[in-house]
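**Q** I'd like to ask some things about the structure below.
The values are calculated or read from the model by the stated rules, or taken from the named source; none is laboratory data. Model, not experiment: these values are computed from the prediction. Positions of Cβ are generated from backbone atoms using ideal geometry, with glycine treated the same way; all protein chains shown enter the neighbour counts. Please note that ligands, DNA and RNA were not included when accessible areas were found on the heavy atoms of the full protein model with its side chains. Shrake-Rupley method; radii C 1.70, N 1.55, O 1.52, S 1.80 Å.
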Amino acid sequence: MIIFLKMKRNPLPNTYFHLFFVIIKVMFMFGLDIRNKEDIMIRRHSFYQKILSLFWVLYFVHTIITIITDDIYQTPTINSLIARKSNDVIAFLIWIVMKTRENKVHNLLQHMNYLRTISDVKLHSFWIWFSVGLTFAIPLLAWLSLILFLDETYCSSLASYYSLHLFSVPEGYSCLVSSVALLFSHTAIYALRTSVTVLYITICFFLRNLLNRHSEMGLKNIEKNTNPIDQKYCENYIDLYKHIIEISNIFEKVMSLPVFLITIADCMGIFYGFLKFEESKEPKKIYLVSYRFGILYIILRSLVSFLFVTFAASSVFESSVNAKTVLEKLTERLLISGQKKDNKELLLLFLAQNKSPLILSAWGFFNFTRSLVLSVLGVVLTYSLLMMQFVK
């Protein structure tokens, strides 16, 4: 994979690899080093990564302490507590899971770059800059949705909460202290999670476009009605299809757990948002009115993230089904042509044709299909309504 190493410092514009290159840089800022570990520059930046690793550990410890000292007493039900702190805990879990898979993700992107070099799948430069901007905009908007509607009283309680009640903030500085604390908190919760989500969605779209391009090439050959059909072309077509599926299976093994955590966090965000928004209408919970815009932002962000991940992953399945259909037609044409084939070639054709279409999953718990959207949203909404009645 010398091509990957050479292009690492000078990636080609308007390609998926260029977007991968940018996402790697963004992930590096938030504690993930998905680069060639033999590079000299990597060792020079190791201290920065150690500092960020320490930050993530301290962040998790702080989360556990706040749960024990504050949240467990102030939250009415255990379900509300889990929904409230799930974003913090899952953010740490995403970091630690991705941290243990840095080399696997690096190798995965090498495979993706190899597929790019043998295909001609382009990407508009707009999506490169949009993805980078989105990674920073998500935590920033989450932060602004809270601090713009807080007064001194709520700022004081937040400052005390994030300082673990160990320090007293001088009067008039509570909003400044709480704003800084919220900025760090929302950056930890959303920045890395968003970059991993963008990486997952980008790879899904890359595989979808690659399979679609592969299917189009096969259909063009079928429409030519050449008789006999080119046996060498069929063999190359099948070999490339098998290679795409093999790399897609590697992608599934590496990223299925992180995307499972992301999906669970999105579902919990929708559930927690609905629960808190309804609570804000009660006279006893009038203080939640100041957080209403932030609550709506949580619902919207979680819903959009869930929909994008689900539709991106399900599109790979649909493209795989189409590619397999074209493969079956080519195989049928090849067999009908009457060209001589030995038993080994026939066995390879049979195995390639009888493999199931590629379907991505969330760590094996559920498969990403379009029907998943209605199922998950129905469960979340039903459970939210039940919890609202229970709390009342």
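**Q** How large are Rg and Dmax for segment 126-275 when calculated on the C-alpha trace, in angstrom?
**A** Final numbers for Rg and Dmax: 25.0, 86 Å.
**Q** Also: Multiply the residue separation of Y233 and I250 by 0.36 nm, subtract the distance between their alpha-carbon atoms, and state the gained length in nm to one decimal.
**A** That works out to 3.5 nm of additional length.
**Q** What per residue convex hull volume, in Å³, comes out for segment 49-123 when only alpha-carbon positions are used?
**A** With only Cα atoms used, segment 49-123 gives 135 Å³ per residue.
**Q** With 10 Å bins from zero, work out the P(r) of segment 184-260 over every alpha carbon pair and list the percent per bin.
**A** Percent of Cα pairs in each bin: 15, 34, 23, 16, 8, 3, 1.
**Q** Still on this structure, I have one more. What whole-number value in cubic angstrom gives the convex hull volume per residue for the C-alpha atoms of segment 245-285?
**A** Details: hull volume 1.8 nm³, N = 41.
Output value, Cα hull per residue: 43 Å³.
**Q** Given a 1.4 Å probe and every protein chain left where it sits, what share in percent of the accessible area of the chain is carbon and sulfur? If you can, show how the numbers build up before the last one.
**A** Values: 13220 of 19870 Å².
That fraction is 67 percent.
**Q** What whole-number value in Å² describes the accessible area per residue of the chain for a 1.4 Å probe?
**A** On a per-residue basis, the chain sits at 51 Å².
**Q** Also, quick follow-up: Which of these, I34, I299, I78, has the largest mean-square fluctuation under a Gaussian network model of the chain (Cα springs below 10 Å)?
**A** Residue with maximal mean-square fluctuation among I34, I299, I78: I78.
**Q** Still on this structure, I have one more. In a GNM of the chain with a 10 Å cut-off on Cα contacts, which of S157, S168, S195 has the highest mean-square fluctuation?
**A** S168
**Q** Sequence gap at least 6, Cα distance under 8 Å: using those rules, report the relative contact order of segment 111-204 to the nearest whole percent.
**A** 35 percent
**Q** Compute all pairwise cysteine Cβ distances in the chain, then list the cysteines with no distance under 4.7 Å to another cysteine.
**A** Among the cysteines of the chain, those whose Cβ sits 4.7 Å or more from every other are C204, C234, C267.
**Q** Nearest 0.05, what FRET efficiency do N36 and Q389 give at R0 = 45 Å with Cβ-Cβ as r?
**A** Values: r = 55 Å, r/R0 = 1.22.
The computed FRET efficiency comes out at 0.25.
**Q** Can you give me the angle between helix 292-336 and the longest principal axis of the chain, using Cα atoms only, in degrees from 0 to 90, rounded to the nearest 10?
**A** The two axes meet at around 10 degrees.
**Q** Another question, then. Given the pairs K99/K253; K122/K232; K220/K329, which span a C-alpha to C-alpha distance of over 22 angstrom in this model?
**A** Table pairs above 22 Å Cα-Cα are K122/K232.
**Q** Taking 10 °C and 1.306 mPa s as the conditions, I'd like the Stokes-Einstein D for the chain in µm²/s, using the Kirkwood hydrodynamic radius from alpha carbon pairs.
**A** Rounded to a whole number, D works out at 67 µm²/s.
**Q** Simple spin-label model, 7 Å along Cα-to-Cβ: W127 to V304 in nm?
**A** Going by the 7 Å Cα→Cβ label model, 1.7 nm.
**Q** Build a GNM of the chain with springs between Cα atoms under 10 Å: which of D266, D33, D120 gets the top mean-square fluctuation?
**A** Of D266, D33, D120, the most mobile in the Gaussian network model is D120.
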